[in-house]
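Peer 1: Below you'll find the structure I mean.
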Amino acid sequence: ICYRNKKMEIDYEMNVELRDNAVIVIDSTGMKIKNRGDWMRSKRRVSNRKGWIKVHVAYDIESKQVVDFEVTDESGQDCKEGLKIIERLGERYNRANKKIKKVIGDAGYDTYEIFNYLSERGISAVIKLRSNAKLSNNLSRSRIIRYMRDSGRNWSKELGYNWRWSVESFFSAYKRTFGESVKGDIF
C-alpha cells in the first residue's frame, strides 16, 4: 500500500463548522521534506528527489480555523491550487446554505479564473494585484486596480487585505509547534 499511496486520491471532508458570511484568507507555505540542512544540498550537490512541499490553506479569520487545504510538491502553483480550494469551499458552503462574503489573497492568486469564479458567485475578491496589472473586462479585478491606484497604500486597510496576517500567524504557530519539516519523505 505504501507504493500505491503516492497515486491514491484521498477524499476528505473537513469537519469544521462553516460560518455564514465568512471571510476566507488563502495562502501557502513551504515545508521541508528532509530535515537535513540546505548547506548539504548546495555545497555537496546532494540532491533530493524533491526539496519541499507546499501546503495551501483556506483560513476563516473569525473562527480562526482552517476550512480547507491542499498539499502539493514544490512545483504547485498558488493560483491553480487556490482555485481548487475556492471551488471546493463554494460547493461546501452551498450545501450548508451559507455564504462566503470575501476571499483575501496575495498576488499569487491574481488570475482571471479566480476573479471570474468569485464575481460569478457574488463573493468579494481582495487580492493584491501584480505591479503590472492592467484594466480588463473583469469588473471586480478592474475595480480593485482603480481603487489601488486612487487610494495608494490605504487600499490594504480599507478593503481588509491586512487580515492576511491571521493566516501567517497560523503558519508561524504551526511551524513553531510541529517544526518546518514533515516526517514522511515519500511524496
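Peer 1: Examine segment 112-119 for a residue that is of a type in the set (Gly, Ala, Ser), part of a loop (DSSP other than H, G, I, E, B) and either more than 10 Å from the chain's Cα centre (by Cα) or modelled with pLDDT of 95 or more (or both), and state whether such a residue exists.
Peer 2: no
Peer 1: Output the residue which, of all residues in segment 163-187 that are modelled with pLDDT of 90 or more and among the β-branched types (Val, Ile, Thr), is surrounded by the most Cβ atoms within 10 Å (Cβ to Cβ).
Peer 2: The extreme case among them is Val167.
Peer 1: May I pose another question? Give segment 160-182 a look and list any residue that's under 24 Å from Tyr147 (Cα atoms) and small (Gly, Ala, Ser), or say none.
Peer 2: Once the filter is applied, which keeps residues that are under 24 Å from Tyr147 (Cα atoms) and small (Gly, Ala, Ser), segment 160-182 yields Gly160, Ser166.
Peer 1: Further question: If you go through segment 122-138, how many residues are surrounded by 14 or more Cβ atoms within 10 Å (Cβ to Cβ) and either over 14 Å from the mean Cα position of the chain (by Cα) or under 16 Å from Asp60 (Cβ atoms) (or both)?
Peer 2: Residues in segment 122-138 being surrounded by 14 or more Cβ atoms within 10 Å (Cβ to Cβ) and either over 14 Å from the mean Cα position of the chain (by Cα) or under 16 Å from Asp60 (Cβ atoms) (or both): 6 in total.
Peer 1: Related question: Does Glu91 satisfy the criteria of being in a helix (DSSP H, G or I), surrounded by fewer than 17 Cβ atoms within 10 Å (Cβ to Cβ) and not basic (Lys, Arg)?
Peer 2: yes
Peer 1: Consider Phe170 carefully, then state whether it is within 20 Å of Ile61 (Cβ to Cβ) and under 20 Å from the mean Cα position of the chain (by Cα).
Peer 2: yes
Peer 1: Got a number for residues in segment 20-44 being part of a loop (DSSP other than H, G, I, E, B), at pLDDT 90 or above and not acidic (Asp, Glu)?
Peer 2: The total comes to 1.
Results for (1) at pLDDT 80 or above; (2) not charged (D, E, K, R), shown as yes or no for each residue.
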site	(1), (2)
Ile123	yes, yes
Ile127	yes, yes
Ser131	no, yes
Lys134	no, no
Arg146	yes, no
Tyr161	yes, yes
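Peer 1: Go through the residues of segment 143-150 one by one and say whether even a single one is within 17 Å of Lys54 (Cα to Cα) and of a type outside the set (A, V, I, L, M, F, W, C).
Peer 2: Looking for residues that are within 17 Å of Lys54 (Cα to Cα) and of a type outside the set (A, V, I, L, M, F, W, C), one finds none in segment 143-150, hence no.
Peer 1: While we're looking at this one, here's another question. Taking only pairs six or more apart or across chains, which ones have beta-carbon atoms under 8 Å, a first residue in segment 70-99 that is closer than 23 Å to Glu17 by Cβ, and a second residue that is in a helix (DSSP H, G or I) and of a type in the set (Asp, Glu)?
Peer 2: As it stands, the answer is Glu70/Glu81, since those pairs meet every condition given.
The values are calculated or read from the model by the stated rules, or taken from the named source; none is laboratory data. Given the structure is predicted, the values throughout are model-derived calculations rather than measurements. All Cβ positions, even for glycine, are placed from backbone atoms using ideal geometry, and neighbour counts span all protein chains on display.
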